[in-house]
Amino acid sequence: MPPETPGERFDPLVVLGGGYAGLTVAQQFAHRTRDRAAVVVVDREPVHVLRTELYEIGRLAAAGRDVAPWTVPLARALERPNISVRTGTVRSIDLAARRVQLEDGEIAFGALAIALGSEPAYYGVPGAAEQTHEVYRLSGAVRLAAAVRAVEAASPALPGERRPRFVVVGGGSTGTELAAELATVDWAHVTGVAARPPEVVLLTGSLPFLAGFSPTLIARARTGLRRAGVSVVTGWNVRRVDPGRVELEDGSVFVCDLTVWCAGLEAPSLVRQLPVPHGPGGRIAVEPTLEIPGHPGVFAIGDAADLRDPESGLRVPGTAQAALAEGRAAAANLVARRRGEALTPFRYRERGAVVALGIGEAAGAVRQLSLGGSPASLLKRLVQRDYARSVERGEPPSLI
Ligand SMILES: Cc1cc2nc3c(=O)[nH]c(=O)nc-3n(C[C@H](O)[C@H](O)[C@H](O)COP(=O)(O)OP(=O)(O)OC[C@H]3O[C@@H](n4cnc5c(N)ncnc54)[C@H](O)[C@@H]3O)c2cc1C
């Protein structure tokens, strides 16, 4: 590749979102251009949120307001000569005029990476948005942790043998991790009173449980949930949610102290509204190179993008692992685009997956290896710690 011309002035690359995809594309682009090209990273938060760790409701409940362990300041993670971080909420994107409208101003871009992640999808289920908790944002996880803590702290005064009851909606990895976590945390230790262990119900809905994961991992997860004492209810979607009550489409009703919605994600509304091709959940249907069709130099990556792997025909999953891989590939293609070179199609290779199944337990499938119990849990913790450390040091992070 020809080197960047020293001192050449570049239009800025604007990166929207400082999550897994945005952080990676910014860092890798800066690395590939030897810090000569200007990059602006915009996020509504001044921190990179370790979103893959937001199922840790027990630790969050114990931590109270100290959420530092779940974040890395973006200014530190992106401390490079030509990267500036701007804290602000993106309101709209004008692809034709190549401008981004923020709450408090406007930024013109030469090239753009849309990495705005995803938000909960409620599918029009009455009460779901208003009456449930979520763990997709740090603020949501903190609110849930405080609510669970309050219910548990009050549990010694419940009549008779009654225990707190939590309903988790969604049979993907987030619902599974969260249900197991709620069921296995030592709430008496967290609250400092004789809190009663909760009853946890996981409603997996009509989709297959842990769709997309290996059969061995699924079998281990079922065993793990049973051991954790989680009741798993399959087959029916939620019809409506009212305060303290979840109703399924077959008419069955679950009375509970709180409900958590882990039933799916969609692109943020500003992404759904862009005049570009969209896939399921309003994700941007990108070219195999991750570029948006008809908009050279504009890429969508991470949860906000929709792409089928051309070889396998499978959709690239909405995971942090995929977001990091797309961030790296988009950085290479952004550089190719500004040098007038051919872009390279993105190929996704899954490294593996580990699903937490409560305190000290997990199920994993890494390459040909199937892992369970405490070795899988240890691996998950090590991977999470390694990721956070790499981000803090501004090194290329990886994840499974
Ligand atoms: C509990 C939980 C556990 C998970 N576990 C795993 C796991 O083990 N492995 C795995 O690979 N994946 C896991 N995931 C999925 C993973 O977290 C996501 O796929 C990943 O975060 C997607 O990265 P992203 O960069 O696309 O989006 P995000 O990481 O969500 O980043 C999007 C960024 O955009 C910012 N933003 C959004 N809207 C605006 C706006 N309008 N203006 C300004 N900024 C905005 C946000 O603040 C955020 O920083 C998990 C998710 C959850 C919730």
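As a summary of the residue check, PRO156 satisfies the conditions (1) of a type outside the set (A, V, I, L, M, F, W, C); (2) in contact (Cβ under 8 Å) with a residue 12 or more places away in the chain; (3) assigned to a loop (DSSP other than H, G, I, E, B) except for the one numbered (3). Inside region 311-347, residues that are within 24 Å of the chain's Cα centre (by Cα), more than 18 Å from PHE29 (Cα to Cα) and either in a loop (DSSP other than H, G, I, E, B) or more than 16 Å from the ligand (Cβ to nearest atom) (or both) make up a count of 8.
Checked against the criteria, THR33 counts as among the hydroxyl-bearing types (Ser, Thr, Tyr), more than 15 Å from the ligand (Cβ to nearest atom) and surrounded by 22 or more Cβ atoms within 10 Å (Cβ to Cβ). Is it the case, given these coordinates, that ARG308 is closer than 30 Å to VAL100 by Cα, more than 16 Å from the ligand (Cβ to nearest atom), crowded, with 17+ Cβ neighbours inside 10 Å and not polar (S, T, N, Q)? Taking the combined requirement at face value, the residue does not satisfy it. Taking the criterion of being under 30 Å from GLY175 (Cα atoms) and either assigned to a strand (DSSP E or B) or of a type in the set (Gly, Ala, Ser) (or both), the residues of region 92-122 that qualify are ALA113, ILE114, ALA115, GLY117, SER118, GLU119, PRO120, ALA121.
Please verify whether ARG143 is among the basic types (Lys, Arg), assigned by TED's automatic domain parsing to the domain that holds VAL246, surrounded by fewer than 16 Cβ atoms within 10 Å (Cβ to Cβ) and closer than 25 Å to GLY318 by Cα, treating the condition exactly as stated.
yes
Inside region 374-400, residues that are away from the ligand (no atom under 11 Å from the Cβ) and part of a loop (DSSP other than H, G, I, E, B) make up a count of 5.
Evaluating ARG76 against the criteria (1) within 16 Å of the ligand (Cβ to nearest atom); (2) assigned by TED's automatic domain parsing to the domain that holds ILE301; (3) not aliphatic (A, V, I, L, M) leaves one unmet condition, (2).
Every residue, every condition in (1) free of Cβ contacts under 8 Å to residues at least 12 places away in the same chain; (2) small (Gly, Ala, Ser); (3) assigned by TED's automatic domain parsing to the domain that holds LEU23, yes or no:
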position: HIS278; (1), (2), (3): no, no, yes
position: GLY282; (1), (2), (3): no, yes, yes
position: THR289; (1), (2), (3): no, no, yes
position: ASP306; (1), (2), (3): no, no, yes
position: ASP309; (1), (2), (3): no, no, yes
position: GLY340; (1), (2), (3): yes, yes, yes
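Among the residues of this structure, ARG59 does not count as one that is surrounded by fewer than 21 Cβ atoms within 10 Å (Cβ to Cβ), of a type in the set (Lys, Arg) and in contact (Cβ under 8 Å) with a residue 12 or more places away in the chain. Within region 349-373, if we keep just the residues that are more than 15 Å from the ligand (Cβ to nearest atom) and closer than 25 Å to ARG315 by Cβ, the residue that is surrounded by the most Cβ atoms within 10 Å (Cβ to Cβ) turns out to be SER370.
The set of residues in region 171-194 that are charged (D, E, K, R) and in a loop (DSSP other than H, G, I, E, B) contains only ASP186.
Do we have any residue at all in region 234-250 that's touching a residue at least 40 places away in the same chain (Cβ under 8 Å), assigned by TED's automatic domain parsing to the domain that holds LEU202, aliphatic (A, V, I, L, M) and in contact with a His (Cβ under 9 Å, 6 or more places away or on another chain)? No, that holds for no residue. Identification of strands (runs of 3 or more DSSP E) wholly contained in region 222-310 with 3 or more residues that are touching a helix residue (DSSP H, G or I) at 6+ places or on another chain (Cβ under 9 Å) yields 230-234, 238-242, 258-261, 295-300.
The values are calculated or read from the model by the stated rules, or taken from the named source; none is laboratory data. In this text, all values refer to a predicted model and were calculated from it rather than measured experimentally. A quick note on method: Cβ atoms are made from the backbone with ideal geometry, for glycine too, and the neighbour counts reach across all protein chains shown.
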